[in-house]
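The values are calculated or read from the model by the stated rules, or taken from the named source; none is laboratory data. All figures in this text were calculated on a predicted structure; none of them were measured in a lab. As a convention, Cβ positions derive from the backbone with ideal geometry for all residues, glycine included, and neighbour counts pool all protein chains shown.
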Amino acid sequence: MLLLLLLLLLLLLLLLLLLLLLLLLLLLLLLLLLLLLLLLLLLLLLLLLPLLLLLLLLLLLLLLLLLLLLLLLVLLLLVLLPPPPPPPPPPPPRLLLLLLLLLPLLLLLLPLLLLLILLLPLLLLLLLLLLLLLLLLLLLLLLLLLLLRLLLLLLLLLLQLLLLLLLLLLLLLLLLLLLLHHHHHHHHHHHSQ
């Protein structure tokens, strides 16, 4: 009986060690996951920064485009509007002068306008790509959080098991002590007779 109890005690101890090992592994895994989560968050932040900058750039470009268009409109209006009628001799030179002034300006504005119009879709595409990447990262983050939760649950379960085992171990030890005591007592009694 005593031997059996000792064996049982040994077995329980082994089990306890195994569980502790498992717990340690789980904790390590948890730490790794947390690190991964932190890295992901950092990546997200880094991604958000260019995204915001890009948006700002887009807005600025659009604003520039609008201003240029407005300028063009104003210039066209100036050219198309008839000159004031009161002084009859000077109008032709003035118109000619205006046209001469406007031509280089128009020549300068048109390529700029073209460039802006070409740049816009490119920027939009970049924005779209960044947004997609962001979405992907967010999904990954969610997945990691789920995994983390599962791991925590597992950890709790293991801890409960560990406690149970410890209780069993204590009980066995008590039993063993009782048996030993009893055995010893019995033996002693026998001797005195």
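General observations
For every residue, the table says whether it meets (1) part of a helix (DSSP H, G or I); (2) modelled with pLDDT of 90 or more; (3) in contact with a helix residue (DSSP H, G or I) (Cβ under 8 Å, 6 or more places away or on another chain).
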site: 44; (1), (2), (3): yes, no, yes
site: 48; (1), (2), (3): yes, no, yes
site: 58; (1), (2), (3): yes, no, yes
site: 63; (1), (2), (3): yes, yes, no
site: 68; (1), (2), (3): yes, no, yes
site: 72; (1), (2), (3): yes, no, yes
site: 77; (1), (2), (3): yes, no, no
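- Some residue of segment 154-172 being touching a residue at least 12 places away in the same chain (Cβ under 8 Å), out of contact with any Phe, Trp or Tyr (no Cβ under 9 Å at 6 or more places or on another chain), under 30 Å from residue 43 (Cα atoms) and assigned to a helix (DSSP H, G or I): yes
- Evaluation of residue 107 against the conditions (1) loosely packed, with under 11 Cβ neighbours inside 10 Å; (2) within 30 Å of residue 24 (Cβ to Cβ) shows that the sole unmet condition is (2).
- Unique match (being under 30 Å from residue 69 (Cβ atoms) and surrounded by 14 or more Cβ atoms within 10 Å (Cβ to Cβ)) among 130, 141, 165, 155: 130
- For segment 51-75, the tally of residues that are more than 16 Å from residue 105 (Cβ to Cβ) and exposed (fewer than 13 other Cβ atoms within 10 Å of the Cβ) stands at 7.
- Restricting 113, 26 to those that are in contact with a helix residue (DSSP H, G or I) (Cβ under 6 Å, 6 or more places away or on another chain), closer than 30 Å to residue 157 by Cα and not charged (D, E, K, R) reduces the list to 26.
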